[in-house]
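The structure appears below as structure tokens.
The values are calculated or read from the model by the stated rules, or taken from the named source; none is laboratory data. Worth saying up front: this structure is predicted, and the values here are computed from it rather than measured. Cβ atoms come from the backbone with ideal geometry, glycine included; neighbour counts cover every protein chain shown.
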Amino acid sequence: MQARVVKALAHPTRLQMLGLLRDGERCACEFGPLLDLRQANVSQHLGVLRRAHVVNTRRDGVRIMYSLSDDRTIEVLDTLGRIARDQFAEAAAALDVVA
């Protein structure tokens, strides 16, 4: 299960989608225009997140609404972001030392 969640988080588009869900529930129809994606691509990415139990869905009439299944997901994303920024800063500092 852990590997499935990590795999679901390992795509830039899915990270963007989760970032949009940070502020609350969204309709599946909102992701395409916001991320400049075709609806088929949106559906594929949301399916990966859903199968990994990273997001929940509910029907609102004809709309499918998505939300984070666990608020701790934001903490994970924030931690991963800090790690990436630190690694980037360390790599940049190492280049300055070499140059």
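When the stretch 18-27 is filtered for residues that are assigned to a helix (DSSP H, G or I) and over 14 Å from the mean Cα position of the chain (by Cα), nothing remains. Within this structure, T79 passes the test of being under 25 Å from A3 (Cα atoms), exposed (fewer than 12 other Cβ atoms within 10 Å of the Cβ) and within 15 Å of the chain's Cα centre (by Cα).
For the structure I just gave you, tell me whether V76 is of a type in the set (V, I, T) and either at pLDDT below 95 or touching an Asp or Glu at 6+ places or on another chain (Cβ under 9 Å) (or both). Yes: the conditions hold for V76. For the stretch 58-75, filtered to residues that are touching a helix residue (DSSP H, G or I) at 6+ places or on another chain (Cβ under 9 Å) and assigned to a strand (DSSP E or B), the residue that is surrounded by the most Cβ atoms within 10 Å (Cβ to Cβ) is Y66.
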